[in-house]
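Right, one structure below, let's go through it.
The values are calculated or read from the model by the stated rules, or taken from the named source; none is laboratory data. Computed from a predicted model, the values in this text were never measured in an experiment. Ideal geometry is used to build each Cβ from the backbone, glycine not excepted, and the neighbour counts take in all protein chains shown.
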Amino acid sequence: MNIVLFDGEEWENFLPLTFTKPVAAVRMGILTFVERWEKITNKKVSFLTQNYLSEKFPADFQSENLFINPAFFPSKKLIDTILNLNLGQSIVYKNQLVAVKTVEQTPTITVDVIDFDEEIIHIQHSWDLFTYNFQAIDFDFDLVTEGRTSQPISPTNGVLNPDRIFIEEGAFVEFATLNATDGPIYIGKDSFVMEGSMVRGGMALCEHATIKMGTKVYAGCTIGPHCKVGGELSNAIILGFSNKGHDGYLGNSVVGEWCNLGADTNNSNLKNNYDIVKLWSYKEKRFVKTGLQFCGVIVGDYAKAAINTQFNTGTVVGVCASIFQPGFPPNLIKHYSWGGNSDAPVYNLDRACEAAERMMARRKVEFTSADRKILEHIFNLNNN
């Protein structure tokens, strides 16, 4: 069975996070969407995404292909239905294509349709990632730990409900408080939880990530691979290779890869009038209602915020933005903004790529020609 995860209309709704990646490469819970389906099926999975992303995220087509829209979060019944599709069958949920098994190289609804009638989580917008992250952590925890034994929890830690705490090999956790009463706590391979940290589940700390001394991590948080966090986090996702290493608050937010939030950077997640929060929609080219009272900041890849940056409720930060000008930044910060304000100059493309290359080299990750082409494409979108 050849599995291809395809971008549906959700890709545009996930921007700016998906300017640099397909939906399937976004992290939610412990795993990315592609890692989750590879774990479920025990098979290698490829991507069908935007043309300019396809060099870095290629599709693998064979004589028969099972296309799956990863924005529909898997349930047991959905998994069983997808994996038992016959050739020429498709699954729809509320008139949207979920999966199809076909000889074609493009996913379309077929004549033989299964109308899926069980309620499932559909991740339709960027803010749905943190909204449903607790449920994703719970699902992934069982998926990743089934039939396995956690490393022992050191007696120096204060622990509640240890049966829902899993520590991978090489992780270091000492003199921390781990409360898994309300949800599981997953501590990934070679990760580090420093002394005095207070963690409430559900929480996912991915491999080689660090929670620094005295950090407060509330429920619904995912700290992606090679990230460092400090201060206070609540219902926030950091996709990977990004740092929020000092005091400051991050809540009801998603931060992309290769980002850095300087010391005492904070985001507001609640309006003073308690009104519904609006976020910028790249698809509709206007601010749209999220339906949420609590919504913080969505940060695109490679963005940087200087010390003491204060993000307003419902802020969107573009790719490669560098924020350092005084005052509150606007609720939409453009790609390659050099300063953050609405009238800020454009960050030079070559210098942005040089900074990205240096940052990635620190984590022993190559900045490839494909990475540069993606950043060039986004730069041209912003400045043509």
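Within region 266-290, the set of residues being assigned to a strand (DSSP E or B) and touching a Phe, Trp or Tyr at 6+ places or on another chain (Cβ under 6 Å) comprises Asn266, Asn267, Leu270, Lys278, Trp280, Phe287.
Residue pairs whose Cβ atoms lie under 6 Å apart, separated by 6 or more positions or on different chains, with the first residue in region 47-67 and surrounded by 14 or more Cβ atoms within 10 Å (Cβ to Cβ) and the second part of a loop (DSSP other than H, G, I, E, B) and of a type in the set (Asp, Glu), are Thr49/Asp7. Does region 245-258 contain at least one residue that is surrounded by fewer than 21 Cβ atoms within 10 Å (Cβ to Cβ) and farther than 25 Å from Phe294 by Cα? No: region 245-258 contains no residue that is surrounded by fewer than 21 Cβ atoms within 10 Å (Cβ to Cβ) and farther than 25 Å from Phe294 by Cα. On the stretch given as region 105-125, residues that are in a loop (DSSP other than H, G, I, E, B) and either in contact with a Lys or Arg (Cβ under 7 Å, 6 or more places away or on another chain) or not β-branched (Val, Ile, Thr) (or both) total 8. In the set Pro58, Pro70, only one residue is modelled with pLDDT of 95 or more and either touching a helix residue (DSSP H, G or I) at 6+ places or on another chain (Cβ under 8 Å) or not assigned by TED's automatic domain parsing to the domain that holds Glu118 (or both); that residue is Pro70. Contact annotation: residue pairs with Cβ atoms under 7 Å, 6 or more positions apart or on different chains, pairing a residue in region 186-207 that is surrounded by fewer than 24 Cβ atoms within 10 Å (Cβ to Cβ) and at pLDDT 95 or above with a partner that is of a type in the set (S, T, N, Q) and not in a loop (DSSP other than H, G, I, E, B), are Phe192/Thr210; Met198/Thr177; Arg200/Asn179. Is region 98-121 home to any residue that is in contact (Cβ under 8 Å) with a residue 60 or more places away in the chain, surrounded by fewer than 18 Cβ atoms within 10 Å (Cβ to Cβ) and either acidic (Asp, Glu) or under 28 Å from Phe19 (Cα atoms) (or both)? The answer is no; no qualifying residue exists. The set of residues from region 211-234 being surrounded by fewer than 21 Cβ atoms within 10 Å (Cβ to Cβ) and either touching a helix residue (DSSP H, G or I) at 6+ places or on another chain (Cβ under 9 Å) or β-branched (Val, Ile, Thr) (or both) comprises just one member, Ala219.
Looking at Phe175, Phe192, which one is more than 23 Å from the chain's Cα centre (by Cα), of a type outside the set (Asp, Glu) and more than 21 Å from Arg36 (Cβ to Cβ)? Being more than 23 Å from the chain's Cα centre (by Cα), of a type outside the set (Asp, Glu) and more than 21 Å from Arg36 (Cβ to Cβ) holds for just one of Phe175, Phe192, which is Phe175. Give region 319-344 a look and list any residue that's of a type in the set (Ser, Thr, Tyr) and assigned to a strand (DSSP E or B), or say none. Ser322, Ser337, listed by residue number. Restricting Gly170, Gly183 to those that are in contact with a helix residue (DSSP H, G or I) (Cβ under 8 Å, 6 or more places away or on another chain) and in a loop (DSSP other than H, G, I, E, B) reduces the list to Gly183. Here Pro155 meets the list (1) free of Cβ contacts under 8 Å to residues at least 12 places away in the same chain; (2) touching a strand residue (DSSP E or B) at 6+ places or on another chain (Cβ under 6 Å) almost entirely, failing just condition (2). Among the residues examined, Ala219 qualifies as part of a loop (DSSP other than H, G, I, E, B) and in contact (Cβ under 8 Å) with a residue 60 or more places away in the chain.
Reported count of residues in region 345-366, each being over 21 Å from the mean Cα position of the chain (by Cα), among the β-branched types (Val, Ile, Thr) and not in a strand (DSSP E or B), is 0. Each residue in region 291-303 was checked for being in contact with a Phe, Trp or Tyr (Cβ under 8 Å, 6 or more places away or on another chain) and crowded, with 18+ Cβ neighbours inside 10 Å, and 8 pass.
Filtering region 334-384 to residues that are without any contact (Cβ under 8 Å) to a residue 24 or more places away in the chain and of a type in the set (Ser, Thr, Tyr) leaves Ser337, Ser342, Ser369.
Identification of strands (runs of 3 or more DSSP E) wholly contained in region 1-101 with 2 or more residues that are of a type in the set (Lys, Arg) yields no element.
The set of residues in region 222-265 being touching a Phe, Trp or Tyr at 6+ places or on another chain (Cβ under 7 Å) and in a strand (DSSP E or B) consists of Glu232, Leu233, Ser234, Asn235, Ala236, Ile237, Asn252, Ser253, Val254, Glu257.
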